[in-house]
Amino acid sequence: MSDSPAPTAEAVLLHLCRAMVSEPDDVSIETTANGDRVRLDVSVNSDDMGRVIGRRGRVASAIRTVVGAAAAKDGVVTEVEFVE
């Protein structure tokens, strides 16, 4: 993760997602950088997708907010997407 354009944001995202799911080893993050914008695509086990999205997307929104705050330390703007 040290070569990531947003190491703090990526570490926070990984920690949050692994803490929420029943299969933490299945959590993976793919990072794509475009200038000062970083896209973080999160993959989790299909059985855990509902846990990270939450009702009406509230959990996903909270995760995006926390990761966005962590990204400020990295000096980038993040976009978090949950992919199957």
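The table for this structure:
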item	result
Those residues of segment 1-39 which are part of a loop (DSSP other than H, G, I, E, B), among the hydroxyl-bearing types (S, T, Y) and touching a strand residue (DSSP E or B) at 6+ places or on another chain (Cβ under 7 Å), in sequence order	S4
Answer from V59, V67, V52, V42 - the residue that is in contact (Cβ under 8 Å) with a residue 40 or more places away in the chain and part of a helix (DSSP H, G or I)	V67
Top-ranked residue in segment 15-31 [being surrounded by 12 or more Cβ atoms within 10 Å (Cβ to Cβ) and among the polar types (S, T, N, Q); ranked as farthest from D48 (Cα to Cα)]	T31
Residue that is farthest from M20 (Cα to Cα) [pool: residues in segment 48-84 that are loosely packed, with under 15 Cβ neighbours inside 10 Å and of a type in the set (S, T, Y)]	T65
Unmet requirement for R64, which otherwise passes all of (1) modelled with pLDDT under 95; (2) of a type outside the set (A, V, I, L, M, F, W, C); (3) within 14 Å of the chain's Cα centre (by Cα)	(1)
Qualifying positions in segment 6-35 - in contact (Cβ under 8 Å) with a residue 24 or more places away in the chain and touching a Lys or Arg at 6+ places or on another chain (Cβ under 6 Å)	T8, M20, V21
Residue in segment 32-41 that is among the acidic types (D, E), under 13 Å from the mean Cα position of the chain (by Cα) and surrounded by fewer than 14 Cβ atoms within 10 Å (Cβ to Cβ) present	no
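The values are calculated or read from the model by the stated rules, or taken from the named source; none is laboratory data. On a predicted model such as this, the values are computed, not experimentally measured, just so you know. Because the Cβ atoms are built from the backbone with ideal geometry, glycine has one as well, and the counts that use them run over all protein chains shown.
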